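*Asks:* Next up is a structure, given as structure tokens.
Readers should treat all values here as calculations from the given coordinates under stated rules, not as data from a laboratory. Worth saying up front: this structure is predicted, and the values here are computed from it rather than measured. Heads up, the Cβs are rebuilt from the backbone with ideal geometry, glycines too, and the neighbour counts pull from every protein chain shown.
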Amino acid sequence: MGDIPQPAKRQPLSKFDFASLFLAQGGKCAVCGCKLERGKTRDEHLNALHLGGGNELTNRQLWCLDCTKPKDKSDKGRNGKVKRLNGTTSSQVSRRAERGPQIVSRGSLQSAGFRRDPKMVRGVDGKVRERNGK
């Protein structure tokens, strides 16, 4: 299987690039059209870096902070999937598999050994009792 290409690193906008985007958008948010204010503006990539987008100006827009919040929420799931595919994060399931079966003590019976004991059965109420000759 081929290697997954690594995404480009996010490059901050220079003052000139920021001014170019600001003038091209008429000083308004690209999503809602509200007036952009100093300190409440973010530059967003149209095609995310981890999905193959680049840092060029044609892939960027200026958004107000209110418009970036829903996008940030929706991006979390996609970012996690890309990290899992790239192997940069591990899941809880794989860590559990590496450790092997766990024996959890519950009273005098142990959950791993309980299944092997033909004389005992767990009832619908969750209590362990002796099997009735079946």
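*Asks:* Which of Lys9/Lys83; Lys35/Lys81; Lys40/Lys81; Lys15/Lys35; Lys28/Lys69 have a Cα-Cα distance over 23 Å?
*Replies:* The answer is Lys35/Lys81; Lys40/Lys81.
*Asks:* How high is the relative contact order of the stretch 15-86, in percent, with contacts defined as C-alpha pairs under 8 Å that are six or more residues apart?
*Replies:* 29 percent
*Asks:* If you place +1 on the Cβ of every Lys and Arg and -1 on the Cβ of every Asp and Glu, how big does the dipole about the Cα centre of the stretch 15-86 come out, in debye to the nearest 20?
*Replies:* 340 debye
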